[in-house]
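**Student:** What follows is a single structure, and I will ask about it in a moment.
Nothing in this text is a laboratory measurement; each read-out follows from the coordinates by a stated rule. Source: prediction; values computed, not measured. Glycine also receives a Cβ, built like all others from the backbone with ideal geometry; neighbour counts cover every protein chain displayed.
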Amino acid sequence: MRTVRSFAALALCAALSACGGGGGSGKSTAAPSAPASATAARPTPAASPEASPAPTLPVGADGRAPVFFHGKRGAKRVALTFDADMTSDEGPRAARGEPFDNPELITTLRRLKVPATVFMTGRWAEQYPDQARSIGGDALFEVANHSYSHHAFSTPCYGLPAVPRDGARADVERASAAFRKAGVRRTVPYFRFPGGCYDDAALRAVAPAKVTAVQWDVISGDAFAKKAGPVADQVLTQVKPGSVVVMHCTRSAAPTTDEAVRRIVPELRARGYEFVRVSDLIAGG
């Protein structure tokens, strides 16, 4: 049963295309507490990466964490986001050589000078502390929280085991502690629910962690894709000004992402798009 659940944790994003552009579970996804156009303070420049503040959306009057799907539909700006997924029970698979990382992808983003937001699980940071520290020390990137365990914060969620409701905040904070231990410096107060699954109770549970939940409006379809072409086509077809694209930084689950990015980036730039981080989109309103 553990093997089935472990596979489900990797496979869940492949099923996200069935959930619509919002990226959440059809039954458990709640409307955002504040619209994507909600006003947010622009970050103040700082001398060191770890000192740079990031904008957030306000907590809802009912105590729900805010949810961000995309930026303004004005200027041609797009945020590529990459989920560095690893569930809390996949250590044995990593020990046998299964690659949950994708250093080639990070190299490509650096070579092409593409800013990006990496949603990292705490377990991933523990497994790959050198890579986590390198990503988190690069001004090109920002690291956001994708939970520690990569378990579901709302069920049903593609067969993922559930985080206890009273343990939701602790799971988020445990991931943050793993980032600090690994030496990740450029962290931002954003959180992506595993599987994109959440409900009102989940939003209230994570609100005390003072995070803005970040979803997406473009599903890349890179999870378990066999060819890069369809992944690139899907992104290029769906992208709009202000889009947030969900992709993956996990070779075993998304082996074609690097190749797809090498096509997506120049084609979107030829269309006049600028690549930014999620924090830049939120700062823009």
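**Student:** Measuring from label point to label point, each 7 Å out along Cα→Cβ, what is the Lys226 to Ala270 span in nm?
**Tutor:** The answer from the label model is 2.7 nm.
**Student:** Among Arg165, Arg277, Arg204, rank each residue by its count of other Cβ atoms within 10 Å, from fewest to most, as a rough exposure measure.
**Tutor:** Least crowded to most crowded, the residues run Arg165, Arg204, Arg277.
**Student:** Evaluate 2.2 N^0.38 Å with N set to the residue count of region 82-133, then give the Cα radius of gyration divided by it.
**Tutor:** That works out to 1.18 for region 82-133.
**Student:** Using 0.36 nm per residue of separation minus the Cα-Cα distance, give me the extension gain between Thr237 and Ala95 in nm, one decimal.
**Tutor:** 47.3 nm
**Student:** What is the gain in length, in nm to one decimal, between Lys76 and Asp130 on full extension, counting 0.36 nm per residue of separation less the C-alpha to C-alpha distance?
**Tutor:** This chain segment gains 16.0 nm when fully extended.
**Student:** Please state the shape class of region 136-245: rounded when a/c is under 1.5, otherwise prolate if a/b exceeds b/c and oblate if not, all from the C-alpha gyration tensor.
**Tutor:** oblate
**Student:** So for Ile106, Ile282, fewest C-beta neighbours within 10 Å to most, what's the order?
**Tutor:** Ile106, Ile282
**Student:** Another question about this same structure. In nanometres, what is the gap between the two model label sites at Ala162 and Arg263, each 7 Å from Cα along Cα-to-Cβ?
**Tutor:** So the two model labels end up 4.1 nm from each other.
**Student:** Also, I was wondering about something else. Apply the a/c threshold of 1.5 to the C-alpha gyration tensor of region 61-168 and tell me whether it is rounded, prolate or oblate.
**Tutor:** In terms of gyration-tensor shape, oblate.
**Student:** With the cut-off at 28 Å, tell me which of the pairs Lys113/Lys210; Lys181/Lys240; Lys76/Lys113; Lys72/Lys227 have Cα atoms farther apart than that.
**Tutor:** Lys113/Lys210; Lys181/Lys240; Lys72/Lys227, as the Cα separations exceed 28 Å there.
**Student:** Going by how many other Cβ atoms sit within 10 Å of their own, how do Thr237, Thr256 line up, fewest first?
**Tutor:** Lowest to highest Cβ neighbour count: Thr237, Thr256.
**Student:** While we're on this one: Rounded, prolate or oblate: pick one for region 202-285, where a ≥ b ≥ c are the square roots of the eigenvalues of its C-alpha gyration tensor, a/c under 1.5 means rounded, and failing that, prolate if a/b is larger than b/c, else oblate.
**Tutor:** Judged from the Cα gyration tensor, region 202-285 comes out oblate (a/c at least 1.5, b/c at or above a/b).
**Student:** Between region 240-285 and region 187-234, how many Å separate their Cα centres?
**Tutor:** 14 Å
**Student:** From the backbone phi of region 145-153, what are the Karplus-calculated ³J(HN,Hα) couplings (6.51 cos²θ - 1.76 cosθ + 1.60, θ = phi - 60°) in whole Hz, Gly and Pro given as x?
**Tutor:** So the Karplus estimates, Gly and Pro as x, are 8, 10, 5, 7, 8, 6, 9, 6, 8 Hz.
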